[in-house]
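The values are calculated or read from the model by the stated rules, or taken from the named source; none is laboratory data. Keep in mind the model is a prediction, meaning the values are calculated, not measured. Neighbour counts run over all protein chains shown; Cβ positions are idealised from the backbone, glycine included.
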Amino acid sequence: MLNGKTAVVTGGGSGIGKATALKLAADGANVVIIHMDPEETAAAVCSEIEALGVKAKAIRMDVSDFEAAKQTVADIIAEFGTIDILINCAGITRDGLIAMMKEDQFDAVIRVNLKGTFNMIRHCTPYFIKQKGGSIVNVSSVSGLIGNAGQANYSTSKAGVVGLTKSTAKELVSRGVRCNAVAPGFIATDMTANLSKNNKLAAAIPMKRMGTAEEVADLIFFLASDKAAYITGEVVKVDGGIAM
């Protein structure tokens, strides 16, 4: 049980982040969601979390902003006393073929998906070291493992998350801090809404369907919990077999 622990979930206002926040809350964790959604959307997620009997807070913050991330982490520590679990789920897409991709399309995805993950790890690390413990789970993608046409920016950012995960795990393992990643395949969320009706895509997945946010959340929860106490530096796919 995660009773008394505090989890921070970036991208927690929707999709995989929301499903993960609810999963952690159901096991007793207080949850802070960091988001860029409309305030009413985040407030509704907080209400769902609080209905599970734990404390919830929503903070609207751009994770790619280094100083804003630093202040947000400090504010969470001041209010909750600790951060025990960090889930880096915030992510965006700006798809396009590499021959026509604009610089700002590439830069925006790298800033949010990779630098944003670094920012949150960087600012939580001193607290993890001080308390001699913590668990980090980063959301990468099978696109970061095998590449994906039309997603040079996204694939690059998610491959970077893999390298960041492994470096973080090696640096912090002696301090009692674990860092792992999940690599989802095609998951039915708002981000992939334009793909969900693509029958050819579903047919290409060995399991013949897209995954659900809850299925990814189950894996994130396992890696974040003490049930995975002897696992660090791993990247675990949850993709219906598409990248096997």
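Before moving on, here are some points about what is shown:
- Condition check for residue 210: among the hydrophobic types (A, V, I, L, M, F, W, C) and either closer than 21 Å to residue 82 by Cα or surrounded by fewer than 14 Cβ atoms within 10 Å (Cβ to Cβ) (or both): no
- Residue that is nearest to residue 20 (Cα to Cα) [pool: residues in the stretch 95-112 that are surrounded by fewer than 17 Cβ atoms within 10 Å (Cβ to Cβ) and of a type in the set (D, E, K, R)]: 95
- The stretch 1-16, residues that are small (Gly, Ala, Ser), in a loop (DSSP other than H, G, I, E, B) and in contact with a helix residue (DSSP H, G or I) (Cβ under 7 Å, 6 or more places away or on another chain): 11, 12, 13, 14
- Residue among 137, 162, 173 that alone is in contact with a helix residue (DSSP H, G or I) (Cβ under 8 Å, 6 or more places away or on another chain), surrounded by fewer than 24 Cβ atoms within 10 Å (Cβ to Cβ) and more than 24 Å from residue 201 (Cα to Cα): 162
- Of 48, 67, 79, all but one fail to be surrounded by fewer than 21 Cβ atoms within 10 Å (Cβ to Cβ), in a helix (DSSP H, G or I) and touching a residue at least 24 places away in the same chain (Cβ under 8 Å); the exception is 48.
- Flag for residue 168 being of a type in the set (S, T, N, Q), in a helix (DSSP H, G or I) and at pLDDT 95 or above: yes
- Residue match in the stretch 126-134 (condition: at pLDDT 95 or above and in a loop (DSSP other than H, G, I, E, B)): yes
- Residue 21 small (Gly, Ala, Ser), in a strand (DSSP E or B) and either out of contact with any Gly (no Cβ under 7 Å at 6 or more places or on another chain) or within 20 Å of residue 140 (Cα to Cα) (or both): no
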